[in-house]
Amino acid sequence: MAAPEISRAAGGSGSGRDAPTLPTGRTIELLLLVFSVVLVTGALVLVEANQEQELTPTLLYVGLAYLVVLMLAHLAVRRFAPYADPLILPSVGLLNGLGLVMIHRLDLADQDRAILLGQEAPDSLVFRQILWTALGLALFIGVLWSVKDHRTLARYGYTCGFAGLILLALPGLLPSSISEVNGAKLWIRIGGAGIQPGEFAKIFLIIFFAAFLVQKRDLFSTAGRRFLGMELPRARDLAPLLVAWGLSVAILVFERDLGSSLLIFGMVLVLLYAATERVSWMLIGLAFFVGGALIAYQLFGHVQVRVQVWLDPFSDYDNRGYQIAQALFGLGTGGVGGTGLGAGRPDLVPFAESDFIFSSIGEELGLIGLAAILVIYLVLITRGLRSALAVRDSFGKLLATGLAFSVALQIFVVIGGVTKLIPLTGLTLPFLSYGGSSLLANYALVALLLRISNAARAPLTRRPAAPAVPIAEAGTELVQRPVVGP
């Protein structure tokens, strides 16, 4: 392992000599970021060579923008969170870079199709994504700068909960003309710009539930009745789970957003289990989920459509099943090794740059490329959970667990929908998919993870030892032995 960079001392010593310093990991982080730049640049060259048969100026613009973004992020971490985990930012940077590569590749395909059809070339999405990445970086730096100590967020737990509810409900209360896209009311659109408040709501709700469970941990850990060897919670303690369940159902009904419903309920369930370590909470939560799913299927037509397309997309291939069927064809075409970057036809899948970017990558990089991307995600999630284990305060443990698990659950839901493991939900892959709201929210999420990681890995502040005093000059103290009764 390379010689680590060292930083401030861990504490004083009685001899007056400098105490040993602890590694920060920033040099390792920088080396991994440089490796990411080299890998992404090589991928851009392959795309340009296979699509254009030449290197265009776009390669230079995208490559330079990606390099600047990573270096600014590294400098921000070095300045505001010097002891943060050195693998989290490189994992995020590599995923973001590969997303830019695939979005640029799909841009070239759309431009070629427009030329063949004699139409005007569409706007380039990769430059929009670079702009969103820059804004995400600004938010990332802002969170690192403003949140000096993650424990201060616990003071605003109820405020964050209220803000999260407002952000979730806002699109459902607005007219469909500015909030509805593809049947789901998730957006706030003004002119040509739009944002999804629900992406930010999940972070606020994680902060609220983490703060709430820390305050009420004894209440939820109180044993109720025993059944089949498990300690079931008391009926009056089920209120948070009932609220989360009701909130998920409300989102499903009024906004037709299956993905956010599943994500919120899953986060609450995992945080309850992490706070109490009682399996009974998981079983009760799963029972609520199954019951809610059955009721939703019977009452709401859009849920029935999602399930029917999931069960047999080829029965309505030319209409509702076309998207998932084309994604499955693309994954099958990619096989183990893929067709090569720029040599496939991922553009045949609707929303290939956002909801179905996983199938786009699978067609051109194959099973090997998909496995590599899943490993990067696994590194990001495990390092987040490692920070949750290492941090010393209960709120930090629950907050880091909720943040890391929300990424893991979102990945499972998206990939499960694309591969027909579960019904489609409409969520996007973190850092890979095209989309500004998701990118902004996930950069804020990573900033909070790095702040918690910095607190977990930073050396403890120790008070300097008192100077040595010669025995002859040391003061004396009379200590009376306590009287012990008979």
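All of the numbers you see were taken from the coordinates with simple rules; none came from a lab. What you are looking at is a predicted structure, and each value in this text was computed from that prediction instead of being measured. FYI the Cβ positions are ideal-geometry reconstructions off the backbone, even for glycines, and counts take in every protein chain you see.
Kirkwood-based Rg over Rh for the range 51-128 (C-alpha set), two decimals?
1.13
Using the Karplus equation 6.51 cos²θ - 1.76 cosθ + 1.60 (θ = phi - 60°), what ³J(HN,Hα) coupling, rounded to whole Hz, does each residue of the range 326-341 give in order, writing x for Gly and Pro?
Calculated HN-Hα couplings, in order: 5, 5, 5, 4, x, 5, x, 5, x, x, 7, x, x, 7, x, 4 Hz.
Can you list residues whose amide H is under 5 Å from Leu22's amide H, if they're 5+ apart or on another chain and H is modeled 1.01 Å from N?
Result for Leu22 returns Ser7, Ala10.
Calculate the length of the line joining the C-alpha centroid of the range 375-411 to that of the range 28-76, in whole Å.
Cα centroid to Cα centroid, the span is 28 Å.
How long is the gain from Ala134 to Leu294 if the chain were fully straight, where each residue apart is worth 0.36 nm and the alpha carbon distance is subtracted? Numbers along the way, then the final one.
On the way: separation 160, 0.36 × 160 = 57.60 nm, distance 4.26 nm.
Extending this stretch completely gives an extra 53.3 nm.
Sort the following peptides by mean Cβ neighbour count (other Cβ atoms within 10 Å, averaged over residues), highest first: 354-364, 203-213, 406-416.
In descending order of packing, they fall as 354-364, 203-213, 406-416.
Sequence-distant or interchain residues sharing an amide H contact under 5 Å with Val181, placed H: which?
Leu186, Trp187
Along the range 382-389, what does the Karplus equation 6.51 cos²θ - 1.76 cosθ + 1.60 (θ = phi - 60°) give for ³J(HN,Hα), rounded to whole Hz, x for Gly and Pro?
Going residue by residue, I get 5, 5, x, 5, 5, 5, 5, 6 Hz, with x marking Gly and Pro.
State which entries of Lys148/Lys216; Lys397/Lys420; Lys185/Lys397 exceed 31 angstrom in Cα-Cα distance in the structure shown.
Cα-Cα > 31 Å for Lys397/Lys420; Lys185/Lys397; rest within.
Can you give me the C-alpha center-to-center distance between the range 102-143 and the range 292-327, rounded to a whole angstrom?
Between the Cα centre of the range 102-143 and that of the range 292-327, the gap is 30 Å.
Once you sort the root eigenvalues of the Cα gyration tensor of the range 107-154 as a ≥ b ≥ c, which label holds: rounded (a/c under 1.5), prolate (a/b larger than b/c) or oblate (the other case)?
Prolate.
Quick one: what are the phi-derived ³J(HN,Hα) couplings along the range 393-399, Karplus 6.51/-1.76/1.60 with θ = phi - 60°, whole Hz, x for glycine and proline?
9, 5, 4, x, 5, 5, 5
If you consider only alpha-carbon coordinates, what radius of gyration and Dmax does the range 20-457 have, in Å?
22.1, 72
Using only the Cα atoms of the range 363-434, what are the Rg and Dmax in Å?
14.1, 45
For the range 241-392, build the charge dipole from Cβ charges (+1 Lys, Arg; -1 Asp, Glu) around the Cα centre, then report which of Leu365, Gln304, Val279 sits farthest towards its positive end.
Farthest towards the positive pole: Val279.
So, how do all the Cα-to-Cα distances of the range 285-407 break down into 10 Å bins, in percent, from 0 on up?
Calculated over all Cα pairs of the range 285-407, the distribution is 12, 25, 27, 27, 9, 0 percent.
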